[in-house]
Amino acid sequence: MTGNPRSNDEHHTIGFYLQQIYNVLNGYFGELHWWPADTPFEVIVGAILTQNTAWRNVATAIEKLKEAEILTPEGLSRVEIDTLAALIRPSGYYHVKARRLKAFIRYLHAEHNGSVENLFHGDIWQTREKLLHINGIGEETADSILLYAGGQPVFVVDAYTRRILERHNLIKEKAGYGEIQSLFMTSMPQNAALYNQYHALLVNTGKMFCMKKKFCGVCPLSELTAYPLP
DNA sequence: TGCCAGGCCGGGT
DNA sequence: ACCCGGCATGGC
């Protein structure tokens, strides 16, 4: 069910449920301090490397880049693409991801003088559009960059977000990215710290309790499953 | 041992 | 405007 999970005597908005989910998860997990990275640039690299990939593998790949001392815009600019691919091999899809990293680096140097900070100077949504034009950066990656590297109030929607909302009957199966993002951004304060924590909470919940085949009974959200059905 | 992980692209309908 | 195959490693 989309928009309004109503019943005759309850008139909660979707925002009410999103807020309630946040409260429960925040109480359960506490402050998560995302994104796990030392610098904004590292966030961006991680965002590209983690596409459809377990974070553990990404962490290994990032370690390799650090050991090679090329985890900087200059370093990734300098390195041969085949060398780069070999280094990030543990993160999977390493040929495409090496290309994607290079594409971002080219953009960064061409448009922002190689400075990550310059990336976030202009209008957020204009920056988002530009990021989306880079090959290998889609909506989730762009938003992760804006939120976690740039501290911009943009909500990140990922597979876990979709799955959790779907299982709680808050969205329909085919809801689009922007549709889901709007639910959060129109019904909750547009606050970067809040979006940061909320997305982190959803990912943690997904990893632990909401796998594809596992509907876990001990999920902290279980107490909320009695949503009014359409 | 298959199935899955913090997607995205390009080609086809 | 969707739909799908391809891309790949490592953990359970």
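Taking the range A:88-104 as the range and being assigned to a helix (DSSP H, G or I) and crowded, with 22+ Cβ neighbours inside 10 Å as the test, the residues that pass are A:Ser91, A:Lys97, A:Ala98, A:Leu101, A:Phe104.
Taking the conditions (1) away from DNA strand C (no atom under 16 Å from the Cβ); (2) under 30 Å from A:Gly176 (Cβ atoms); (3) touching a residue at least 60 places away in the same chain (Cβ under 8 Å) in turn, A:Glu117 satisfies each one other than (2).
Can A:Glu166 be described as more than 30 Å from A:Pro73 (Cβ to Cβ), free of Cβ contacts under 8 Å to residues at least 60 places away in the same chain and part of a loop (DSSP other than H, G, I, E, B)? Answer is no for this residue.
Here is a check on your reading of the model: is A:Glu129 free of Cβ contacts under 8 Å to residues at least 12 places away in the same chain, within 16 Å of DNA strand C (Cβ to nearest atom), over 24 Å from A:Ala98 (Cβ atoms) and in a helix (DSSP H, G or I)? Yes: the conditions hold for A:Glu129. Is at least one residue of the range A:30-42 assigned to a helix (DSSP H, G or I), farther than 26 Å from A:Ala193 by Cβ, within 13 Å of DNA strand B (Cβ to nearest atom) and within 17 Å of the chain's Cα centre (by Cα)? Checked the range A:30-42: no residue is assigned to a helix (DSSP H, G or I), farther than 26 Å from A:Ala193 by Cβ, within 13 Å of DNA strand B (Cβ to nearest atom) and within 17 Å of the chain's Cα centre (by Cα). Condition check for A:Pro189 on (1) under 17 Å from A:Trp34 (Cβ atoms); (2) free of Cβ contacts under 8 Å to residues at least 24 places away in the same chain; (3) not aromatic (Phe, Trp, Tyr): one failure, at (1). For beta carbons closer than 6 Å, sequence separation of 6+ or different chains, a first residue in the range A:133-153 that is within 20 Å of A:Leu194 (Cβ to Cβ) and a second that is outside any loop (DSSP other than H, G, I, E, B) and within 16 Å of DNA strand C (Cβ to nearest atom), the qualifying pairs are A:Glu139/A:Tyr177; A:Ala142/A:Leu132; A:Ser144/A:Ala47; A:Ile145/A:Ala47. Just one of the listed residues (A:His121, A:His133, A:His112) is loosely packed, with under 14 Cβ neighbours inside 10 Å, over 13 Å from the mean Cα position of the chain (by Cα), more than 21 Å from A:Gly27 (Cα to Cα) and away from DNA strand B (no atom under 16 Å from the Cβ), and it is A:His121.
For the range A:140-149, the criterion of being within 16 Å of DNA strand C (Cβ to nearest atom) and at pLDDT 95 or above is satisfied by at least one residue. Look at the range A:7-23: where a residue is part of a loop (DSSP other than H, G, I, E, B) and a partner is at pLDDT 90 or above and surrounded by 12 or more Cβ atoms within 10 Å (Cβ to Cβ), sitting 6+ places away or on another chain with Cβ atoms under 7 Å, you get A:Thr13/A:Ser187.
Restricting A:Thr60, A:Thr53 to residues that are touching a helix residue (DSSP H, G or I) at 6+ places or on another chain (Cβ under 6 Å), within 16 Å of DNA strand B (Cβ to nearest atom), at pLDDT 95 or above and part of a helix (DSSP H, G or I) narrows the list to A:Thr60.
Here's the yes/no breakdown for (1) of a type in the set (Phe, Trp, Tyr); (2) closer than 29 Å to A:Tyr160 by Cα; (3) crowded, with 17+ Cβ neighbours inside 10 Å:
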site: A:Thr50; (1), (2), (3): no, yes, yes
site: A:Ile62; (1), (2), (3): no, yes, yes
site: A:Ala68; (1), (2), (3): no, no, no
site: A:Glu74; (1), (2), (3): no, no, no
site: A:Leu84; (1), (2), (3): no, no, yes
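Test A:Ala47 against the stated conditions and say whether it is within 13 Å of DNA strand B (Cβ to nearest atom), touching a residue at least 24 places away in the same chain (Cβ under 8 Å), among the small types (Gly, Ala, Ser) and closer than 24 Å to A:Tyr198 by Cβ. When the stated conditions are applied, A:Ala47 passes them. Identify the residue in the range A:169-190 that is assigned to a helix (DSSP H, G or I) and within 14 Å of DNA strand C (Cβ to nearest atom) and, among all such residues, is nearest to A:Gln20 (Cα to Cα). The residue in question is A:Ile180.
The values are calculated or read from the model by the stated rules, or taken from the named source; none is laboratory data. Note that the structure is a prediction, hence the values are computed from the model and not measured. Positions of Cβ are backbone-derived with ideal geometry, glycine not excepted, and every protein chain shown enters the neighbour counts.
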